[in-house]
1. What does the highest-first list of 428-441, 169-182 look like by mean Cβ count within 10 Å?
2. Report, in deg cm²/dmol and to the nearest 500, the calculated mean residue ellipticity at 222 nm for the chain, where each DSSP H run with n ≥ 4 adds -39500 (n - 2.57) and the sum is divided by the residue count.
3. List the GluC sites (Glu not before Pro) in segment 259-344 that DSSP assigns to loop (not H, G, I, E or B) and whose Cβ has at most 11 other Cβ atoms within 10 Å. Which are they?
4. Restricting the count to DSSP beta bridges whose residues both fall in the chain, what percent are antiparallel, rounded to a multiple of 5?
5. Between the DSSP loop rule and a limit of at most 11 other Cβ atoms within 10 Å, which trypsin sites (Lys or Arg not before Pro) in segment 228-277 are left?
6. Distance from the Cα centre of segment 236-299 to that of segment 432-450, in angstrom?
7. Per-residue HN-Hα couplings for segment 114-127, Karplus 6.51 cos²θ - 1.76 cosθ + 1.60 at θ = phi - 60°, whole Hz, x for Gly and Pro?
8. State whether segment 334-450 is rounded, prolate or oblate according to the following rule on the C-alpha gyration tensor (a ≥ b ≥ c being the square roots of its eigenvalues): a/c under 1.5 gives rounded; otherwise a/b larger than b/c gives prolate, and the remaining case gives oblate.
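We did not get these values from a lab; they are worked out from the coordinates using the rules stated. Remember, it's a predicted structure, so these values are computed and weren't measured experimentally. Every residue, glycine as well, gets a Cβ built from its backbone with ideal geometry; the counts of neighbours run over all protein chains shown.
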Amino acid sequence: MLALAWQRERVIEKVLYWRFGATLPAPSYPAPRDATEARMQDLDYLSQLTRVDRSFSPRAAELFQQRIASLRARAATLDAASFLLGACEAVAAADNAHTNVDARAWRQQLSSVPVRFEWFAEGLHVVRAREGSADLLGARVIAIDGLAPQALVDDAARFFGGPREFVRTSSLVYLESPDAIHAVHPQAPADRLLMRVVDVQGRERAVELAALAPPQAPEVSKAGRLFSPIALPDEKPGEWLTVIDPKGTIPPSLREPGRSVYATPLDEGTLYLHLWQIRDDASGSVDEGIRRAVGEGARWRRIVLDLRFDRGGDWPWAYDQVHRLPTHLAADGRILVLLDNTTFSAAIIDAALAKHFGAQRTTLIGEPPGDRLAFWAEGNSFVLPNSKLRVLSSTGYHDWAHGCRELRCYWPNFWYDVGVGNVDPDVRVSWSFADYRRGIDTVLQRALER
């Protein structure tokens, strides 16, 4: 029987890959004679994206090809920045957050500056800095190259397909790159960022940050990861300083980002459960991590399911445990689901499942998530032969607003999916920088006040 079960799993896996794992054959171009021919080869290969990606509407596919044609016409004059941005803009025609150029290319191929930004309720703030720029830690950025941060987010909407929430969190790689801003605004210098900031002492001042040539570590991490002061895997020890002291008291939501599941009791009746990603890790499976955290026979007054900074993974791996969360509540217990603009893909699905199975006992708190409830995902990726840009494609449709029963839907959803209308927060609140710098999580605090 075990052998039959194993074979069944393998058959299902192969069928799903056959249906949803489409990708382009490996490129077979001759060695390019010059940079122009290299660009043309890449564009020819990229133009085949709509053969494997199903998220493009007919109008979007037409727009994609128009943008490819425009890049071909300018191939001889494109530099690395304008080519990368042009490819991103072409792929973004799909208007699907899962169909994009892999954002890691921005740090690998474009200049950046020795600070890192994150969004808070008060605006854009510096949360990480190299030692020479440590005086900028915590500063609120009010202008970059004479442009308001929101105006630069509007620029970024050209280069990232998906809703505004996804663009907002994705835009940071653009805001941090002199190469990229110069490509869009030629009057802006390519060798530095000219910033106006309000520092933590409340002083407004002008700052110049010199551009650092690519590649720069740390590479682009998942959205929201830089909120945590804990070093990224490719950061050199001590190279980057943070607003929150990594050796001090860290809010529960920022602890152990290297684990898929982090859990801790906040008081006798409250379980805090953070899913950093919906994937198994070295510590075990997501299913087992949640089951172990919740406890056998436990009855919690509150279960805080934190899905912030979670870019997703394989949602069926957490399905059973999210389904069972209401059975672990006390008679008057509640599930408090925390969301923000970085909540994405399988994490959004888990929010929908928690809302569906918890019904009136579930409250959603925070910001709208980083994608719509109807979206294309699954799919695969391919790499352009010369620029090495990785392009992410989508082949399976999801509709967690209404339920998905069409042939284009990701087939496991026929058994598992639900229709919840929306996962808009019942209580809207964003993380305040004034709280963040003191180690207080505004959103978690608001949830616990309920």
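1. 169-182, 428-441
2. Rounded to the nearest 500, the figure is -9000 deg cm²/dmol.
3. E268, E296
4. 65 percent
5. Sites meeting the loop and neighbour criteria: K247.
6. Cα centroid of segment 236-299 versus Cα centroid of segment 432-450: 17 Å apart.
7. Running phi through 6.51 cos²θ - 1.76 cosθ + 1.60 with θ = phi - 60° gives x, 9, 10, 9, 8, 8, 10, 4, 7, x, 8, 10, 7, 10 Hz.
8. Note, shape of segment 334-450 comes out oblate.
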